[in-house]
Amino acid sequence: EDIRWTFSMQDSAMARRLFGSRFPRGGSELWSLLDVPELPEMNARSTAALRAGLPDYEQQFHFRENGRDIWLAEHVSITPHGPNRFRLVGLITDITTQHEAEIARQEAEDLRRRTEAQLQQVLERANCMIWHANVKRTAEGFTWKMEAPRSVLYRKLFGDVQGAFDWARLDVPERLEMNARCEQALRSGASGYEQEFQVVRPGELIRLHEVVTITALSAEDLRLVGVITDITAQREAERARHMSESRLEQALGLADFLLWHARVRENENGVLVWELDVPKSTLFQRLFGRAATGA
């Protein structure tokens, strides 16, 4: 039931770095000479490999050196060397840099996934739409690979089908101009572009505003990200305001009265400052003349 070990180790910079004056020269201790948290698992792994008759095993472990975790990779070959005896040869490599890089990569990947999940939660409730595309420049033109996470606006335009993002599927009167504007920005090396366009549906007109950023990854590869906002309500409100102002202006032009409004503020010296606006009317013109612009 007992496995007894006798270690020896060739002299090397790694051996001196790890063990210093405690360099193993035929004793029964090796990794127990260091503070190795994984030592119980390592002992269980080596014992299981010997009892199973495996030709080798591998493992990774670490210890602390000057406040830093040092990670080691070990590959051990096993050769029978008589009844109940084995000859083991282990090769140890410092993988600290690779391990730290892998940890950083995993943390970055975890952050990316959390960020994407949070963004998706926001998009599920926001009345906007984000798309991104990888674009490759070729001799014939540009090839596109586009994606658009589902959002309130995405569903409003394309339904609940993932990957259905294609303006050709909708009635977009400005689509040709949009394509030309995008291609011009790509060919000119612009950092982005902005545009407004409409989606026409039976009994409904959806007005959209789009801001696109362009990032050059290489001479041939480009990354585009677009943010689309539904501005239908905003444009309708502006249209209603313009119509109201136009009707008011027409009414004032015929009315024999004067309407004025002002903003008044008090400056640092306690003086009231007036900002007057007086639309032209028949009475305005009689009082101040046709060329007058204020009261």
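The values are calculated or read from the model by the stated rules, or taken from the named source; none is laboratory data. Keep in mind that this is a model prediction, so the values were computed, not measured. For neighbour counting, all protein chains shown are included, and Cβ atoms are generated from backbone atoms with ideal geometry for every residue, glycine included. With ligands, DNA and RNA removed, areas are computed over all heavy atoms of the protein, side chains included. Shrake-Rupley method; radii C 1.70, N 1.55, O 1.52, S 1.80 Å.
The largest accessible area among Ser32, Ser21 belongs to the first residue in Ser21, Ser32, and the rest follow in falling order (1.4 Å probe, all chains). As an exercise, identify the trypsin sites (Lys or Arg not before Pro) in segment 1-103 lying in DSSP coil whose Cβ has no more than 10 other Cβ atoms within 10 Å. Passing both the DSSP loop test and the Cβ count: Arg4, Arg85. Surface calculation, 1.4 Å probe, protein heavy atoms: Ser28 sits at approximately 90 Å² accessible.
Here the spin labels are modelled as points 7 Å beyond Cα on the Cα-Cβ line, and at Leu111 and Asn127 they lie 3.4 nm apart. When the helices of the chain are scored as -39500 (n - 2.57) per DSSP H run of n ≥ 4 and the total is divided over every residue, the value at 222 nm lands at -11000 deg cm²/dmol. Dividing the Cα radius of gyration of the chain by its Kirkwood radius returns 1.34 for Rg/Rh.
GNM on the chain, C-alpha springs below 10 Å: top fluctuator among Val172, Val161, Val89? So, out of Val172, Val161, Val89, the one fluctuating most is Val89. Helix 39-52 and the longest principal axis of the C-alpha atoms of the chain enclose an angle of approximately 60°. Counting only aspartates and glutamates at least 8 places from Lys280 when in the same chain, those with an alpha carbon closer than 18 Å to its own are Glu245, Glu249, Asp256. In straight-distance terms, cross-link reach from Lys145 covers every one of the lysines whose alpha-carbon lies under 23 Å from its own, apart from those fewer than eight places away in the same chain; here that gives Lys136, Lys156. What the chain shows is 67 Å² of accessible area per residue, with the surface traced by a 1.4 Å probe over protein heavy atoms.
Here the chain has 51 percent of its accessible surface on carbon and sulfur atoms, given a 1.4 Å probe and all protein chains in place. In sequence order, segment 75-89 has phi-based couplings of 10, 10, 9, 10, 10, x, 9, x, x, 6, 10, 9, 10, 10, 10 Hz under the Karplus curve 6.51 cos²θ - 1.76 cosθ + 1.60, θ = phi - 60°, and Gly or Pro positions carry x. Put simply, the Cα atoms of segment 1-154 extend 73, 39, 35 Å along their principal axes, the longest span coming first. In this Cβ point-charge picture (+1 for Lys and Arg, -1 for Asp and Glu), the chain has a dipole of about 260 debye about its Cα centre. The equivalent ellipsoid of segment 97-254 has semi-axes of 37, 21, 16 Å, largest first, where each one is the square root of 5 times an eigenvalue of the Cα gyration tensor.
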